[in-house]
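Let me begin by presenting the structure, written as structure tokens, before commenting on it.
The values are calculated or read from the model by the stated rules, or taken from the named source; none is laboratory data. Values in this document were obtained by computation on a predicted structure and should not be read as measured data. Counting neighbours? That spans all protein chains shown, and the Cβs are built from the backbone with ideal geometry, glycine included.
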Amino acid sequence: MAAYVHMSFLSNYTVLPRCKGVGDVLALDVSSDEPLFGTDFHSFRVINAYSTNTVDHRIHSFAAEVLFPDLGFPLLVVGDFNIHNPLSDPLRHFSPREIMSSTPYFEKTAESGFALLNPLGEYPRFPLVGKARPVVIDLAFANPALLPLVKSWEASLPSTGSDHIPITITLATPSLHQKPPRPRWADSDWEILDPIITSFKVPAAPSFPTPPKLREWMSESRSCLVALLKEHTPLSRPSHNSKPWWTPHLTILRREYHKAARAARKHDTPNMREVAGTSKAGYLKAIKAPKNKHRSSFLMAATPQSLCTAKRFPYGRAQPRLPSLPGAETPLQMNSVLLDHFFPPK
């Protein structure tokens, strides 16, 4: 793990308790007299886990509650989890047994707000012998306090002789400035831009070029061209239907829930129904944590202009103003139901 910080650390480690089975978990606490990474935290924790199946395939040697505790300071959980799930490798087909064994871990991460740092489908383990295919079992999770500090996750280092590739996780001070809206280049008005680009003239090059002058000239030319393109390119903006508490992790959970539900309706076997139920429960639980957190922060920062919106939170969704039309399929049936509702007979 690389970090852009220079300070003296005090560290100690703790071996966490485990269930029956083979495995090992090490908790490393790092503390400093100065705040870490430009935040208010003076310590953070790294949990390194190696977990395997027990006699019961649904239970691993370390429970999810041990690996993903709810802490108020930065926490990074890394290691060889030996779990297989579509959330980390969406292109692979998984058996119901594998999904059942790995679901408690991803449910717990969703409830506690942990984010998976691994790029989806990027393999950190390549078996050296046998016919086994590459797998994603080396995982890294960051809790909400650490996630803003994570800059990159890379598996670009060469192998050291093991079938596991070294992984580099870079931490740095989070940016305090909000990212500006990005241009939507796919929606640029090229009918107007074509003659503008054709007639665009590059500024005159320096008569006595030197490396600094060439860099300045190229930067100026590029800025002029990009400015012309942005004049006829719309900027991205939040959708009216977007939810401020939604996360990419919830998108993956929602996709896997609908995938499991479709498979259960198609095959209608006990295993598929159990997988669909587990996926649905994990998805619904994962929604509650960020949604409740957003509501609490919104109510704490409520203004007189946002009181109407805050008032709707306790009452939930408003009741439908129009009645439902059960069994009304044709226009005549809908007309009859509406007349009976709004103009009941005496």
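None of Leu176, Leu193, Leu149, Leu157 is hydrophobic (A, V, I, L, M, F, W, C), closer than 27 Å to Phe41 by Cα and modelled with pLDDT of 80 or more except Leu149.
Assess whether Pro148 counts as being assigned by TED's automatic domain parsing to the domain that holds Phe94, assigned to a helix (DSSP H, G or I) and not small (Gly, Ala, Ser). Judged against the criteria, Pro148 is a match.
There is at least one residue in the range 111-128 that is at positive phi, in a loop (DSSP other than H, G, I, E, B) and crowded, with 19+ Cβ neighbours inside 10 Å. Against the numbered list (1) surrounded by 10 or more Cβ atoms within 10 Å (Cβ to Cβ); (2) of a type in the set (Phe, Trp, Tyr); (3) modelled with pLDDT of 75 or more, Phe343 comes up short only at (1). Evaluated against (1) touching a helix residue (DSSP H, G or I) at 6+ places or on another chain (Cβ under 9 Å); (2) surrounded by 16 or more Cβ atoms within 10 Å (Cβ to Cβ); (3) modelled with pLDDT of 75 or more, Ala3 falls short on exactly one condition, (3). Counting only helices (runs of 4 or more DSSP H) that sit completely within the range 200-316, those holding 3 or more residues that are in contact with a Leu (Cβ under 9 Å, 6 or more places away or on another chain) and of a type in the set (Gly, Ala, Ser) correspond to 270-300.
With respect to (1) over 23 Å from the mean Cα position of the chain (by Cα); (2) without any contact (Cβ under 8 Å) to a residue 60 or more places away in the chain; (3) assigned by TED's automatic domain parsing to the domain that holds Leu146, the lone exception for His164 is condition (2).
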